[in-house]
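Report on the following structure.
The values are calculated or read from the model by the stated rules, or taken from the named source; none is laboratory data. None of these values were measured; they are calculated from a predicted model. When we count neighbours, we look across all protein chains shown, and the Cβ atoms used for this are built from the backbone with ideal geometry, even at glycine. For the accessible areas, the whole protein counts, side chains as well, though only heavy atoms, and no ligand, DNA or RNA atoms are used. Shrake-Rupley method; radii C 1.70, N 1.55, O 1.52, S 1.80 Å.
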Amino acid sequence: MADFDARERLLHQLQAHALVIGEVVLTSGATAQYLIDAKRAILLRPGFDALAELVAAQAREWGATAVGGMTMGADPIACAALAGGADVKAFFVRKEAKQHGLSRRIEGPLLEATDRCMLVEDVVTTGGSTLRALEAILDEGHEVCGVLAICDRLAGGAEKIREAAQVPYVALTTIDEIYPERPDR
């Protein structure tokens, strides 16, 4: 029941704060008539609290010991897992390794060979960002136990992620729930 309540609260926050109607260019380069800017909802206390419950519960269910993904989209979600009480490490994947400091591509506490990584993403459209994070984690020899997205735009990304990762994929919400009256439905 708690998960249902948290999901409903998150959905309400996404509908109220994350839906942007108007022509935009998506990360994939495609043009769309609306955007889900999940950070507008999850970086407010009510959205963050609901997300923290949901992400921490999923991390526990999958036995994750680390939560993260491509920086910026994954950053607040990984932190929400910690805030929700999950006993995990938070990590962020850069597009490429830094050229200074420790020259790392995966930031945060060092991941160990025994860590079970749960990849997280704010919005999945084509799945490209999640696939880049998956590649980085696998290239460094780490296991991925599942992929969680806040919103799935139902544009084929979920299928690509499932095929590439060969692990469970869960979307907390879909575009059908957030914007059911959208013109391209």
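Rounded, prolate or oblate, given the Cα gyration tensor of region 131-179, with a/c below 1.5 counting as rounded? Note, shape of region 131-179 comes out prolate.
A cut-off of 5 Å between modelled amide H atoms, ignoring neighbours fewer than 5 places along the same chain, links R116 with T65, A66.
Shown for the chain: the carbon plus sulfur share of the solvent-accessible area, taken with all protein chains present and a 1.4 angstrom probe, equals 52%. Rolling a 1.4 Å probe over the protein heavy atoms gives the chain an accessible area of 48 Å² per residue. Averaged over residues, the count of other Cβ atoms within 10 Å places the peptides 63-73, 131-141 in the sequence 63-73, 131-141, highest first. Which of rounded, prolate or oblate describes region 1-107 when judged by the alpha-carbon gyration tensor and an a/c cut-off of 1.5? Verdict is oblate for region 1-107. Each Lys or Arg adds one and each Asp or Glu subtracts one; over the other residues with Cβ under 15 Å from the Cβ of G127, this totals -2. Measure out, as a whole number of angstrom, how far apart the alpha-carbon centroids of region 11-59 and region 95-165 sit. Comparing the Cα centres of region 11-59 and region 95-165, I get a distance of 18 Å. Summary of packing: across the peptides 90-96, 17-23, 35-41, the per-residue average of other C-beta atoms within 10 Å ranks them, highest first, as 35-41, 90-96, 17-23. For the chain, what is the percent of antiparallel DSSP beta bridges, rounded to the nearest 5? That works out to approximately 25 percent antiparallel.
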